[in-house]
Each structure stands twice: as C-alpha cells, then as structure tokens.
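Participant: Have a look at this one.
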Amino acid sequence: MACSVVRSAILRNSTVRHYAAAAAAQCSSTTIPELQVLSSNKVTVTALDNNNPVAQISVIFRAGSRNETYDTQGTAHHLRIAAGLSTCRSTCFGITRNIQQLGGNLTATTDRESIAYTLQITRNNLDRALTFLEDVATQQVFKPWEISDQLPRLRYELSMIPETTRIMELLHKAAYHNGLGYSLYSPKRQLGKIGTETLQHFVNTWFTGSKCAVVATGVSLSDMTQFASNLKMSSEDNTMEPTKYYGGELRKERSSELSTVAVAVEAVSLDKEKDALACAVLQRAISSGPRVKWGSSVSPLHKAASGVASTDQFALSAFNASYSDSGLFGFILSSVPAVAGSVTKAAAAYLRSPKLSDADIARGKIILKAEILYAADNDATFLENMRQQAIFKGRVYKPSDLVAKVDKITATEVKSIAGKFASGKLSMAAIGDLCTVPYVDELK
C-alpha cells in the first residue's frame, strides 16, 4: 500500500505544482503584513491574512529576564512555567480541556527581552479559543499552591539544559553582569522563593499596553484589532535602563571528556539596523557551519583553527546575538581538552583580525538571504520573526524587503564592522575540562 501511494504521487506531481503556483499568484497581492497601533491601550497589532486554514496568534510583551533584579532572578522562567495555570476566569483544567477539545495548541516562549503566548487553532474555532489566550496572557492570578506544584518541572528543566546553552548563559553573565546578563533559567537558589507577589508585581510592571504586541497569521487585521482592544492592561510606559557591557570571564571546571569555550566582543544593537545586518552577514561569512550533512566546514574561521589541530578534534561556529541596546559577536568551541587551548587562541586571534575576501562576504550574503526566505516558508518561524519586528521595531518587513536590505550591504561595510572588533574588550566562558584553556587575558 505504501508503494502504491508513492507511485501515484509521481503522476500527480506536475498537476500539484501548477495548482500551487496558481494559488501563490492569486494570494501574492494580499499577503502583505498590516500594522496598527491602537489609541485606546497603545497595543501594537499586526496581521497577515494569508488564507492559512490554521491561524496563529501571539500576544508578546517586551519583558524578559533582563527586566529582573538580583533578588527576583528566575521570574521570567517561572512565568513561562506558569502559563496555563488558573486565571481570573478559567481554571487550569478548563484551559487545557477546552484548547484540546478545539484542536488547538497554546505555548509560552521567553528570551532575554520578551515573553510570548502563542495560540495555534483552526480558523473555524478561533473565536472560542481567543478567550483562553486572553486569560493566559493578561488574567493571571498565580495561586500559591499551583506555583509550588510546578517546582518538580522547574528542577527537571534545570537538569536538562544542554552544554551549549549553559555556555551561552555563562558568557552573557560574564559580559553584562546584570540586565542582559541574567539567565533565561532560574538559579537553583531561587526555587521556592519566587511566589505570587513577585510574579504579579512583574506582570503589573512590565505587561503594559505600550510594551505589548498582538501578532497573527491567517487572521485579518480587523479581527485582531477587535481582540487587542479588549485586552485589559495598564497603559503606563515603564522604561528599562540600558545594560552596560563590562567584559570578563567565568569558568566552571567539571569532570568531562570535552572542553566547551565561548568568546565574544560587544557587537551592535538592533537600533543600528544596517550595522546589525552587516553583523549577520559577517557571522555567515566567517563561519556558518557545514552546508552538507556530515560534511566539514570550509569557513575562514574553521580554516584558521584547523591549522593548530585536527578537524576531527573540535567543532567551531560563530554566533551573533543582537539586542535592543547591545549585542555579542563571537564563537563557540567544543573540543577534546588537549587541543582546546590552541584552538581557542587561534580562533580568538582570527576574531580580533578576521581576513575576509569579497567572495567570503558574497557567500555570507547569499546564505543570509536564503535563511530569510526559508524562514518565510515555515509558519512558526515566520510568526516569530513578525512578532520580534513588531515589538522591537514597531513595523514588520516583508521577506523580500529584508532580502533587498541585505543586497545593499557592501563588502566595505562588513569589513568595517569586523575591524571594530579588534579593539573590543573580550568576554569568555568555559565549562568542562579546562586544563589547557587559556584565561581571557592571555587571548590577543
């Protein structure tokens, strides 16, 4: 039976392609994101009515772990875990049962600067499901006994954090100390200490209309405007102090067969849009990883490191993290302990003085443009990009507009950004067997 299905698909393939092309031509003129800022509660609303049978709606707030204080670290993690608990109008069981009965999915995601509540539901059930999205995002009550019931889940998540995630959290702590340096995950010492009052105060302070955006695909702007206008939240505009970059080093020695190292310098923020795009191109020009499954990288950064160690002894990749008022640019290394020191020094030396040809930069631009277009084909990724643009930039770009902006980035601009890293203060984090890993003041 399986073979029959496969064979019949070959016969239908050409026809299906023609239907898909016709559908794309019909809806191309209407698939433009629309945006509006409501005067009543200052909520930003953006929607893309692309005729998708599954609607996606996100209520996103510009508040994350960077908005915590030293005594309230872990609040954002607790908030994510608390999504779906009892609200002013619905019980935890009622939310779960009704969303499941409607065939929907309700999730919460956080990063250092935002928290988003996302509903995925078929369009015919949208009106009934939106009530529960509103409850989860804006009607929290944080009952003490429900919060304490989530502690086992918190402990489990903390025990399952991957090493690459741990190294990035450590690197941010070394670079910023507080603000952006606060982890996405709750410190173990905070378990059981974040209660109803702390969570409610955080929500009341930062979940305001001016820091909120309602972002949707598969729904009209008028429907989302009506939904957003009914959201009950404060209209205050609380400001967050910019996070200062300090630079520094944090090390955690533990029994391990690997050494994991991350090194970075301060990069540009999202406010400098053109420079941020140039940084994104630079990352992919320096090291975008292997483009073939099980293949090896031919990037300049990898070549610089392979001169001091065999390529099967380490894995190396560049990263770029841009935030609203700062950013980090650097590399992550995982290697056997014997060569960790030499590879770290070689990679850090390249980061300080990268040698890039125009062909490398052209390749980086092509990779970035391909990633932008591929992301537009993935509903979840496209929604995530829309909500990040809406909450931080106050507008939403079409993928073709972003590609056009990347095309305008010149090789000179990319090399200029790379040249600024030579004088930047380094931040470094290291975990594992650190017998050969140098200290940050030994890197040049």
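Here, each number is a calculation from the coordinates, and none is a lab measurement. Remember, it's a predicted structure, so these values are computed and weren't measured experimentally. For neighbour counting, all protein chains shown are included, and Cβ atoms are generated from backbone atoms with ideal geometry for every residue, glycine included.
Participant: What do you get for Rg/Rh of segment 212-325 when both radii come from the Cα atoms and Rh is the Kirkwood radius? If you can, show how the numbers build up before the last one.
Facilitator: Numbers: Rg = 21.5 Å, Rh = 19.1 Å.
Checking Rg against Rh, the ratio lands at 1.13.
Participant: What is the magnitude of the charge dipole of segment 237-394 about its Cα centre, with +1 placed on the Cβ of each Lys and Arg, -1 on the Cβ of each Asp and Glu, and no other charges, expressed in debye to the nearest 20?
Facilitator: Details: 18 positive and 17 negative charges, 109 e Å.
Roughly 520 debye for segment 237-394.
Participant: Please find the FRET efficiency linking Met240 to Cys435, where r is the Cβ-Cβ separation and R0 is fixed at 41 Å, and quote it to the nearest 0.05. Please report the intermediate quantities before stating the final value.
Facilitator: On the way: r = 41 Å, r/R0 = 0.99.
Computed FRET efficiency for Met240 and Cys435 comes out at 0.50.
Participant: Here's another thing I want to ask about it. I need the calculated FRET efficiency for the pair Lys232 and Val298, taking r as the beta carbon distance and R₀ as 41 Å, to the nearest 0.05. Write out the running numbers ahead of the final one.
Facilitator: Numbers: r = 55 Å, r/R0 = 1.34.
Given R0 = 41 Å and the Cβ-Cβ separation, E is 0.15.
Participant: How far, in nm, would the chain grow between Ala422 and Asn378 when pulled straight, counting 0.36 nm per residue and subtracting the alpha carbon separation?
Facilitator: Details: separation 44, 0.36 × 44 = 15.84 nm, distance 3.72 nm.
Gain on extension, Ala422 to Asn378, equals 12.1 nm.
Participant: Further question: R0 = 22 Å: FRET efficiency of Leu191 with Thr109, Cβ-based, nearest 0.05?
Facilitator: On the way: r = 21 Å, r/R0 = 0.96.
So the FRET efficiency works out to roughly 0.55.
Participant: Which entries in Lys244/Lys408; Lys274/Lys425; Lys303/Lys444; Lys244/Lys444 show an alpha-carbon gap greater than 25 Å? Show your work: numbers first, answer last.
Facilitator: On the way: Lys244/Lys408 31 Å; Lys274/Lys425 23 Å; Lys303/Lys444 18 Å; Lys244/Lys444 23 Å.
In this structure, Lys244/Lys408 lie more than 25 Å apart at Cα.
Participant: Now, a different point. If I histogram all Cα-Cα distances within the chain using bins 10 Å wide from 0, what percent of pairs lands in each bin?
Facilitator: Using 10 Å bins, I get a P(r) of 4, 18, 26, 26, 18, 7, 0 for the chain.
Participant: Now a separate question. For the chain, build the charge dipole from Cβ charges (+1 Lys, Arg; -1 Asp, Glu) around the Cα centre, then report which of Ile431, Val281, Ala175 sits farthest towards its positive end.
Facilitator: Of the listed residues, the answer is Val281.
Participant: Further, regarding this structure: Arg123 label point, 7 Å along Cα→Cβ, cut-off 19 Å on backbone N: hits in segment 41-84?
Facilitator: It comes to 46-58, nothing else.
Participant: What does the charge dipole of the chain about its Cα centre add up to, to the nearest 20 debye, if the Cβ of each Lys and Arg holds +1 and the Cβ of each Asp and Glu holds -1?
Facilitator: Working: 48 positive and 40 negative charges, 141 e Å.
So the magnitude is around 680 debye.
Participant: Tell me the volume per residue, in Å³, of the convex hull enclosing the alpha carbons of segment 248-442. Walk me through the numbers before you get to the answer.
Facilitator: On the way: hull volume 25.5 nm³, N = 195.
Dividing the Cα hull volume of segment 248-442 by its residues yields 131 Å³.
Participant: Below 8 Å, C-alpha to C-alpha, sequence gap of six or more: please give me the relative contact order for the chain in percent.
Facilitator: 20 percent.
Participant: Going toward the positive end of the dipole of segment 34-230, with +1 on Lys and Arg Cβ and -1 on Asp and Glu Cβ, which of Asn67, Val54, Gly84 do you reach last?
Facilitator: Asn67
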